[in-house]
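Structure record follows, encoded as structure tokens.
The values are calculated or read from the model by the stated rules, or taken from the named source; none is laboratory data. From a predicted model like this one, the values you see are computed outputs, not experimental measurements. As a convention, Cβ positions derive from the backbone with ideal geometry for all residues, glycine included, and neighbour counts pool all protein chains shown.
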Amino acid sequence: MRVFLGAFGDPGHAFPMLALGGRLVARGHTVTFETWTRWREHVEAAGMRFVAAPEYPVFPTRERPLKPYEAVVLATAETRPSVRSCAPDVVVHDILTLAPAMAAELEGVPVATLIPHFHPSSAPGAPPYALGARPPRSAFGASLWRAMEWPVEAGLRQGRAELNETRGRLGLPAVTRLHGGISDRLCLIGTFPQLEYPREWPAGVHVVGPLIWEPPSDDVEPPAGADPLVLVAPSTAQDPAHRLVRTALRALDGEPVRVLAATNRRPLHRPMRVPANAKVCDWLSYGRTMPRCALVITHAGHGTLARALASGCAVVAVPHSGDMGENAARVDWAGVGVRLPWRLLSPATLRLAVRRALGDPSLRARARELSRWAAVHDGADHAAVLVEQLAASAPQSSG
């Protein structure tokens, strides 16, 4: 079959779609992938056809006052010819990339949504998504979260109104569901089911497991010795001053561990002191490094978190912004690591968090359970099969 993929260009969104696209190619399908130009080499190396995605700023600026849904209208006009020329049997779009979904709907092509993290909705009585709170442990706690449902729903209704305004400008009918940008036919959730709070999923929603991909890179040897290896794996999008890496180097200087840290090829604006038990590199392969680690310190971006758990590593989650607080709450709830709020980050607090994580064998035991699950539940393969089923179930046109 022919498949058209569209994804936001940040690694946390582009990489899971690259994993899906590569698996679809391996299963014999023709795949076109629209994303940011920075990933062109990797898209083509995986056997896919690359299409440059329209890149519009998603927040108004003085020079270009463009609102998010206005950007979707412009992007859809650019993406639709690419979808039409591809003539796909199915389109899969990233949750942050609506233009391919809109273009597919205009062309009468079935649409699937890939969510490369936890589902953004909450079950009744659970805390709102992205708040970073754990589920209630009492009836009183559940009643407090239920009181939050009305203002949360009011915000979702406003978002639906803006979405329907956009759909109307494109000639598409309005939607009634609150998360109207997510396909109601097939929604792929690329995370561990063990990290999703218990709930009943509607038809068409599948927690397939993490979709893991990384660009090729050279091996980096860790510091010599037999002490536990701790990897500092910061966000590729946040913390440009390298506060997490700098704090970790200070916190673990002299501790009975070996430290390997990456700067993700981001410039150092001032010198970084590296202690004798540590090594700092520009970039490294998580896939080859994490299986050798006892612990991963991370901002709790979902991709890094998923890779660490798939490798059987416990984590210290220091959430910076966005959905990282939610990811850190799931780490704490699932018993696979320690959560340290960003505002409390210091050498002393991080040192205590690392000691606690390494000193509690249950955390790594639980992480290894998730690793064993991932070894027999391939998220990319599961997602590819569901995409095939959606394409096969779609009515065939006479043309």
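A few notes on this one:
- Residues within the range 192-223 that are loosely packed, with under 14 Cβ neighbours inside 10 Å and either in contact with a Pro (Cβ under 6 Å, 6 or more places away or on another chain) or within 30 Å of Glu41 (Cβ to Cβ) (or both), tallied: 5
- Within the range 347-360, no residue that is outside the structural domain of Leu249 (by TED's automatic domain parsing) sits with its Cβ atom under 7 Å from a residue that is of a type in the set (Lys, Arg) and not in a helix (DSSP H, G or I) at 6+ positions apart or across chains.
- Qualifying residue in the range 350-372 (condition: of a type outside the set (S, T, N, Q), under 20 Å from the mean Cα position of the chain (by Cα) and closer than 17 Å to Glu196 by Cα): yes
- Where strands (runs of 3 or more DSSP E) fall entirely within the range 221-297, those with at least 1 residues that are touching an Asp or Glu at 6+ places or on another chain (Cβ under 8 Å) and of a type in the set (Gly, Ala, Ser) are at 258-262, 278-281.
- Residue in the range 224-254 that is surrounded by the most Cβ atoms within 10 Å (Cβ to Cβ), counting only those that are among the small types (Gly, Ala, Ser) and over 23 Å from Arg288 (Cβ atoms): Ala251
- The residue that is nearest to Phe4 (Cα to Cα), among those in the range 22-54 that are among the β-branched types (Val, Ile, Thr) and within 19 Å of the chain's Cα centre (by Cα), is Thr35.
- For Gln158, the criteria (1) touching a residue at least 40 places away in the same chain (Cβ under 8 Å); (2) of a type outside the set (Lys, Arg); (3) farther than 30 Å from Ala392 by Cα hold in every case but one, which is (1).
- Qualifying residues in the range 375-395 (those that are aliphatic (A, V, I, L, M) and touching a Pro at 6+ places or on another chain (Cβ under 7 Å)) - the one surrounded by the fewest Cβ atoms within 10 Å (Cβ to Cβ): Ala394
- Flag if Pro240 is at pLDDT below 95 and closer than 30 Å to Gly190 by Cα: yes
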